[in-house]
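Take a look at the structure below.
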Amino acid sequence: MHRCWRAGQLFDVEVLLPAPRAAEPPRSGPAQVATDAYRANWEAIFGPREENKLVD
């Protein structure tokens with residue numbers, strides 16, 4: 001690690017680890033924000049989702 005000559009508060013560092021692997025190709029559709037285990041635990045705590053009770 002060496003002090004950066006351009007800015008006294010910054011340091012230049014040497015990276016010793018290899019670059020991370022390439023990102024997975026993009027998927028179609030929305031992102032999955034909850035797993036099946038998450039949903040099962042949610043229902044165990046709060047109960048199953050109720051049907052929509054809209055008035056006609």
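Using a probe radius of 1.4 angstrom, the carbon and sulfur fraction of the accessible surface of the stretch 5-49 is 60%. In order along the stretch 23-31, phi translates into HN-Hα couplings of 5, 5, x, x, 9, 8, x, x, 5 Hz, rounded to whole numbers, per the Karplus curve 6.51 cos²θ - 1.76 cosθ + 1.60 with θ = phi - 60° and x for Gly and Pro. Solvent exposure of PHE11, expressed as accessible area, is near 100 Å², computed with a probe of 1.4 Å over the protein chains only. Were the residues from ARG49 through LEU16 laid out at 0.36 nm apart, the gain over their Cα-Cα distance would be 6.9 nm. Ligands, DNA and RNA aside, GLU24 has an accessible area near 120 Å² when probed at 1.4 Å.
Ranking ARG27, ARG3 by solvent-accessible area of protein heavy atoms (1.4 Å probe, all protein chains present), from largest to smallest, gives ARG27, ARG3.
The values are calculated or read from the model by the stated rules, or taken from the named source; none is laboratory data. Small disclaimer: the values here were computed from a predicted structure and weren't measured. We work out accessible area using only protein heavy atoms, side chains counted, and drop any ligands, DNA or RNA first. Shrake-Rupley method; radii C 1.70, N 1.55, O 1.52, S 1.80 Å.
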